[in-house]
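The values are calculated or read from the model by the stated rules, or taken from the named source; none is laboratory data. Please read these numbers as outputs of a predicted model, since none were measured by experiment. FYI the Cβ positions are ideal-geometry reconstructions off the backbone, even for glycines, and counts take in every protein chain you see.
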Amino acid sequence: MRDQLRFLKGLAERPRMTGAVAPSGEALAKAMARHVDPADERPVIELGPGTGVVTKALIAHGVAPGRIIAVEYSPDFCRLLAERFPDITVVRGDAYDLDGSLDGRAPKVSSVVSSLPLVARPLGDRTRLIEAGLARMTKGTPFIQFSYTFKGPVKPIPGRFTAEASSWIWMNMPPARVWLFRRA
Ligand SMILES: C[S@@+](CC[C@H](N)C(=O)[O-])C[C@H]1O[C@@H](n2cnc3c(N)ncnc32)[C@H](O)[C@@H]1O
């Protein structure tokens, strides 16, 4: 209930950035986390972690907290994340300026897991973000993103990256799918 209230506060203050009326459900968070390799020792970048539902699922999936670098814009959510997950790295910054926010950290990563409300941004920004994430990853590993939309947040670009959607996760409000983007 407290997280719901925090979320509504975020929505009132920054509606386009918060982009949802409630934190992601556990089923959705689990469906995202399962695409991350817990045995890979490289960092995992989490974008827009909010209240930490996906962070918690990543840790439950076996990802060591010390591998997680969470990039979050809201100072309130940053404080909450640092309290809840003292062993992760919380970066207060703009995920769409990934290089600037990471400031030299994590040039190569295992995965990028994003809960950003992508569709609130112009298509060019979304595409640049996906490609900035993929540039840090090994070919074949996915940039993981959830979306409530039917068409998905970004169309694949032949020769650059592919897009694949999960089936609908109905145990989420609203129902969502997990999109996996991979370098072509
Ligand atoms: C849909 S909510 C995330 C929900 C999260 N999975 C949860 O359940 O709490 C989107 C999150 O992305 C953050 N966000 C939005 N735009 C951002 C940006 N440009 N850089 C970093 N974080 C951003 C918001 O502050 C919010 O925490």
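Residues being out of contact with any strand residue (DSSP E or B) (no Cβ under 9 Å at 6 or more places or on another chain) and either among the charged types (D, E, K, R) or free of Cβ contacts under 8 Å to residues at least 24 places away in the same chain (or both): count how many of those fall in the range 99-122. Qualifying residue count, the range 99-122: 6.
Being hydrophobic (A, V, I, L, M, F, W, C) and under 26 Å from R177 (Cβ atoms) holds for only one residue in L102, L58, and it is L58. In the range 31-77, the qualifying residues are those that are among the basic types (K, R) and surrounded by fewer than 20 Cβ atoms within 10 Å (Cβ to Cβ), and the one that is nearest to L102 (Cα to Cα) is R42. Looking at the range 107-120 only, could you name the residues that are crowded, with 18+ Cβ neighbours inside 10 Å and either in a loop (DSSP other than H, G, I, E, B) or not hydrophobic (A, V, I, L, M, F, W, C) (or both)? V109, S110, S111, S114, S115, L116, P117, listed by residue number.
Annotation: of all residues in the range 123-174 being among the charged types (D, E, K, R), part of a loop (DSSP other than H, G, I, E, B) and without any contact (Cβ under 8 Å) to a residue 60 or more places away in the chain, the one that is nearest to P107 (Cα to Cα) is K139. Of everything listed in (1) near the ligand (Cβ under 9 Å from one of its atoms); (2) surrounded by 14 or more Cβ atoms within 10 Å (Cβ to Cβ), the single unmet condition for R16 is (2). Taken over the range 1-14, residues that are in a loop (DSSP other than H, G, I, E, B) and at pLDDT below 75 amount to 1.
Count of the range 58-73 residues, restricted to those that are more than 15 Å from the ligand (Cβ to nearest atom), within 11 Å of I88 (Cβ to Cβ) and free of Cβ contacts under 8 Å to residues at least 40 places away in the same chain, is 4. Applying a threshold of 9 Å to beta carbon distances and a minimum spacing of six or more residues, or different chains, the list of pairs starting in the range 15-44 at a residue that is more than 13 Å from V178 (Cα to Cα) and ending at one that is part of a helix (DSSP H, G or I) and among the aromatic types (F, W, Y) reads T18/F7; A20/F7; V21/F7; A22/F7; P23/F7.
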